[in-house]
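K.L.:
Quick one: the structure is below, questions incoming.
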Amino acid sequence: MLSESHLHFHGCVRPKDLLRRLAASDHALWDWYEAGMAAAYGAVPPTRQVVERYRRGDAGAAAEFEDLFLFHDADAGAFARFQAKANLLWVASAEGNPDAGPEEAAAEVAELAAGIRADQERQGLAYAELRISADMLPVLSGGSGTGVIERFAITLDRRDPWTGWERVRDLALGPHGAVLTGIDFSGMEEGRPPKDQAEFFAAVRDFNAAHPNRALAILYHVGESFTDKSLESTVRWVQEAAESGAHRLGHAIALGVDPGMYGAHTRTEPVAERRDQIAYDLRHADGLRAEGVRVDPPSLRDELSRLAALPDTATVTADYDAARLDDVRRRQDYAMGRVRASGAVIEVCPTSNRRIGGITDPACHPVHRFLAAGVPFVVSSDDPGIFGTTLAAELDWVCAHTGGGSALRRRLIRSGWENRSEALTGRAPTTGA
Ligand SMILES: [Zn+2]
């Protein structure tokens, strides 16, 4: 029973299916793609020419295209690079074609879905949850046509989830609602703290209580990218997302990554984040101390009064040495306990974490800490098409690098099934097929 919990629809498109679409398109936005690649990589790859050669029947073009499209280990290190390569998925999309109407957009989704479904069947998946836009649900809701059970989560805008929520509610209660089992928050994390979603999450919980048969799981990417704040703050963000009621947390690297990986370094964060962190430390002082974290309320209160004079957007600096990195490790232990108590489940995507998250040393990957602390997690592949991976390969990575072997593999496969969205919201039984 292989279950995929964390997939983005376009991220599942395999190179050969994308190449076929690009070759058939007469409105490809090559200039846009090439500008993005030039900005992210400092050079423009010959993708446009390779597609042209494929069109003319060049037998070697498909392999060359695959190499140009896939986001490899060697590409890792910057989200902008991932975005630039992923743009290729939209180069020939109906969205970018002013002459294309909703019928063309629907036909495009159906064609991509056919390739994705065939691929998932080849992988031997029993179940797949795909993150999509609201417009795609009516096109996709008719069933996979394969042995794979399909469920969907609609991606909402972190900046303003309310705008899309009305449509999601209508879809959930309408004829396509049986296969809509979640909502997803992805895209840029920086500057969008989970605490801003508390009111929205409460509205989703109210909806779920009123419509238990159409309840929606909250799937929240958090702690994946944290360039704008202290390590303490990013650990807090993961805990806050879990305690606000998210059912599954995407990646949550910050919660369990070995802080030693970052070495001695300096970070900055907005004053507003530091104030929130101080409030957190005061509120959780007992629990943090029990894990060995140093908490000194009088000096925190002093700092708070000094910060009161500064605007929210002013920044404060945090210097990390070995002692402070150890302190972060103990904070993670505390936060992992809180996440475990919240019932939230983490989605671990090893290849994505390596290439987007920059966790290149397997020994530093958060999965070791999640296992040690008993934090529930599922393994998934995020964007198997652009990463050139499969769920089996992701499971292999976890079992090999943790030494868990086949016993762990069996446990993780069971966890994938038990923690699917419809089970977490009580719409379907946890166990059994
Ligand atoms: Zn994702």
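The values are calculated or read from the model by the stated rules, or taken from the named source; none is laboratory data. Because the structure is predicted, anything quoted here is derived from the model rather than measured. All Cβ positions, even for glycine, are placed from backbone atoms using ideal geometry, and neighbour counts span all protein chains on display. Note: accessible area is taken over every heavy atom of the protein model, side chains too, but ligands, DNA and RNA are not part of it. Shrake-Rupley method; radii C 1.70, N 1.55, O 1.52, S 1.80 Å.
K.L.:
Hey, can you tell me all the residues within the stretch 242-254 that are open to solvent by less than 10 Å² (accessible area, probe 1.4 Å) and within 16 Å of the ligand (Cβ to nearest atom)?
P.N.:
A246, R248, L249, G250, H251, A252, I253, A254
K.L.:
A further question follows. State whether the residues of the stretch 280-292 include one that is open to solvent by 50 Å² or more (accessible area, probe 1.4 Å), aromatic (F, W, Y), more than 16 Å from the ligand (Cβ to nearest atom) and under 26 Å from F370 (Cα atoms).
P.N.:
Looking through the stretch 280-292, none of the residues is open to solvent by 50 Å² or more (accessible area, probe 1.4 Å), aromatic (F, W, Y), more than 16 Å from the ligand (Cβ to nearest atom) and under 26 Å from F370 (Cα atoms).
K.L.:
Then there is this: Could you list all residues from the stretch 358-378 that are among the polar types (S, T, N, Q) and under 16 Å from the mean Cα position of the chain (by Cα)?
P.N.:
Within the stretch 358-378, no residue meets the criteria.
K.L.:
Check off (1) in contact with a Phe, Trp or Tyr (Cβ under 8 Å, 6 or more places away or on another chain); (2) away from the ligand (no atom under 16 Å from the Cβ) for F82 and give me the number that stays unchecked.
P.N.:
Result: F82 passes all but (2).
K.L.:
Out of A61, A38, A92, I need the residue that is more than 28 Å from A110 (Cα to Cα) and open to solvent by less than 60 Å² (accessible area, probe 1.4 Å). Which one?
P.N.:
Result: A38 is the single residue among A61, A38, A92 that is more than 28 Å from A110 (Cα to Cα) and open to solvent by less than 60 Å² (accessible area, probe 1.4 Å).
K.L.:
Look at A92 and say whether it is in contact with a Lys or Arg (Cβ under 6 Å, 6 or more places away or on another chain) and farther than 18 Å from H10 by Cβ.
P.N.:
The answer is no for A92.
K.L.:
Any idea which of E150, E166 is of a type in the set (D, E) and under 19 Å from the mean Cα position of the chain (by Cα)?
P.N.:
Checking each option against the conditions leaves just E150.
K.L.:
I'm checking my understanding of the structure. Among residues of the stretch 110-120 that are of a type in the set (A, V, I, L, M) and open to solvent by 20 Å² or more (accessible area, probe 1.4 Å), which one is farthest from F152 (Cα to Cα)?
P.N.:
In this case the residue turns out to be A118.
K.L.:
Still on this structure, I have one more. Out of (1) assigned to a strand (DSSP E or B); (2) closer than 25 Å to S25 by Cα, the odd one out for E111 is which?
P.N.:
(1)
K.L.:
Could you please find all residues in the stretch 358-386 being within 16 Å of the ligand (Cβ to nearest atom) and among the acidic types (D, E)?
P.N.:
D382, D383
K.L.:
Looking at V348, is it surrounded by 19 or more Cβ atoms within 10 Å (Cβ to Cβ) and at pLDDT 95 or above?
P.N.:
Yes, satisfied.
K.L.:
Does the stretch 379-405 hold any residues that are in a loop (DSSP other than H, G, I, E, B) and more than 15 Å from the chain's Cα centre (by Cα), and which are they?
P.N.:
G388, T389, T390, G403, G404
K.L.:
Moving on. All but one of (1) in contact with a Lys or Arg (Cβ under 7 Å, 6 or more places away or on another chain); (2) assigned to a loop (DSSP other than H, G, I, E, B) hold for Q332; state the number of the condition that does not hold.
P.N.:
(2)
K.L.:
Continuing with the same structure: Output the residues belonging to the stretch 38-59 that are closer than 20 Å to S25 by Cα and not basic (K, R).
P.N.:
Once the filter is applied, which keeps residues that are closer than 20 Å to S25 by Cα and not basic (K, R), the stretch 38-59 yields P45, P46, T47, Q49, V50, V51, E52, Y54, G57, D58, A59.
K.L.:
Still on this structure: Only one of A341, A335, A363 is free of Cβ contacts under 8 Å to residues at least 40 places away in the same chain and hydrophobic (A, V, I, L, M, F, W, C). Can you tell me which?
P.N.:
A341
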